[in-house]
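Here's the structure, in structure tokens; my notes come after.
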Amino acid sequence: MVTKFESMAEIGGWTGGAVLFLESLCPHVNLLSLYKDPHHKFTLFKVIKLTLTDSAGGLGGYEILKLHDADPLLGVELKFVELEACRRFLQSYVSGTLRQALAQHAGRLLAAAPEVKVETQLKAGTHTLDLCLDSLEDCLEHIHLSQSARLCDDEMEDLEQRLQEQALGGAAPEPPPALQPPQRDCFRFQTGTFEDRILTAADVHSFSNGVGRQWKHVGRALARGCRALKGPAIDNLAYEYEREGLYEQAYQMLSRFTQAEGSAAKLGRLVGALEDCRLTGLAESLLGSQ
């Protein structure tokens, strides 16, 4: 019997999204800390990539969109573009093969123990798939309905490129030692120092209320570091929300930025874009509460 997913796959219409959450049970191995450490980030990415390659049956059929800080968990956002790769991934997850492969690769590459015991959780949107693993078809449906519009994060592209270079030409050079970060994440604006933080709904409202016709210029300034705003995205938003007015156009642009960038959608980036567009008055207004 041919399922509806297999019928969709035959015409090239099946995609899906899921987030795999990981947490080490070994007290001396913290996956989230390794991800935040520039000296270990690539090695951890390699562990995850090798594990997914084992479980999905090859390099194709999926991509890693982003790694998330879900303290104390590390979230791995996945996009599946082949039904069979997703099915193999789920079968590997259900059987425990994925967890076993992850433990072995982590133990080998992270120079920890022979194996690193890892706790996992799999979600698709608001659905925790661990609760319905007895029905792979239900899991596939949740994954299909949770497909993300997010593009691959720039950091993931860089790590993928480095992994390919290492595979083709031997070991890739280690990145230079990073400077110790300040105790608090801050940024400079004019003569002041301000604490950086993730943009809030109030920030989006204040920006949209004050930027007026300049929202496009700010959007293009933000697009230099945000793939979701590159290309025709800004003009498409202007056309789509033209009837709703300037506030809604600006609101949708900044909302797209925050959704795409997640925890990297910081106040400092918005203030920098406003400064580039000579909208220092609006920047000062956003910083007034600080």
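Residue count for the range 245-263 satisfying the condition of being out of contact with any helix residue (DSSP H, G or I) (no Cβ under 9 Å at 6 or more places or on another chain) and either part of a helix (DSSP H, G or I) or among the hydrophobic types (A, V, I, L, M, F, W, C) (or both): 2. Restricting attention to the range 64-78 and to residues that are among the acidic types (Asp, Glu) and within 11 Å of the chain's Cα centre (by Cα), the residue that is most open to solvent (accessible area, probe 1.4 Å) turns out to be Asp69.
Identify all residues within the range 94-107 that are touching a residue at least 40 places away in the same chain (Cβ under 8 Å) and surrounded by 20 or more Cβ atoms within 10 Å (Cβ to Cβ); write none if there are none.
Within the range 94-107, Leu98, Leu102, His105, Ala106 meet the criteria.
Contact map, the range 116-134: residues that are without any contact (Cβ under 8 Å) to a residue 40 or more places away in the chain and on the phi < 0 side of the Ramachandran plot paired with residues that are buried (at least 16 other Cβ atoms within 10 Å of the Cβ) and part of a strand (DSSP E or B), Cβ distance under 7 Å, separation 6+ or inter-chain. Pairs shown: Asp130/Leu122.
Within the range 114-137, the residues that satisfy the criterion of being within 18 Å of Arg88 (Cα to Cα) and open to solvent by less than 90 Å² (accessible area, probe 1.4 Å) are Thr120, Gln121, Leu122, Lys123, Ala124, Leu129, Asp130, Cys132, Leu133, Ser135, Leu136, Glu137.
Inspection of the range 188-209 identifies at least one residue that is among the polar types (S, T, N, Q), modelled with pLDDT under 85 and farther than 22 Å from Asn30 by Cβ.
Checking each residue in the range 196-239 for being open to solvent by less than 70 Å² (accessible area, probe 1.4 Å), assigned to a helix (DSSP H, G or I), farther than 15 Å from Cys277 by Cβ and free of Cβ contacts under 8 Å to residues at least 24 places away in the same chain picks out Ala202, Ala233, Leu237, Ala238.
Of the conditions (1) open to solvent by 40 Å² or more (accessible area, probe 1.4 Å); (2) part of a strand (DSSP E or B), Glu155 fails just one. Which one is it? Here Glu155 meets the rest and fails (2). A single entry from Gly231, Gly268 fulfils the requirement of being modelled with pLDDT under 95, within 23 Å of Phe189 (Cα to Cα) and not acidic (Asp, Glu): Gly268.
Against the list (1) surrounded by fewer than 17 Cβ atoms within 10 Å (Cβ to Cβ); (2) modelled with pLDDT of 85 or more, the condition Leu34 fails is (1). Scan the range 53-93 for residues that are part of a helix (DSSP H, G or I), farther than 18 Å from His142 by Cβ and without any contact (Cβ under 8 Å) to a residue 40 or more places away in the chain and the total you get is 1.
The values are calculated or read from the model by the stated rules, or taken from the named source; none is laboratory data. What you are looking at is a predicted structure, and each value in this text was computed from that prediction instead of being measured. Positions of Cβ are generated from backbone atoms using ideal geometry, with glycine treated the same way; all protein chains shown enter the neighbour counts. Calculation scope for accessible area: heavy atoms of the full protein, side chains included, ligands and nucleic acids excluded. Shrake-Rupley method; radii C 1.70, N 1.55, O 1.52, S 1.80 Å.
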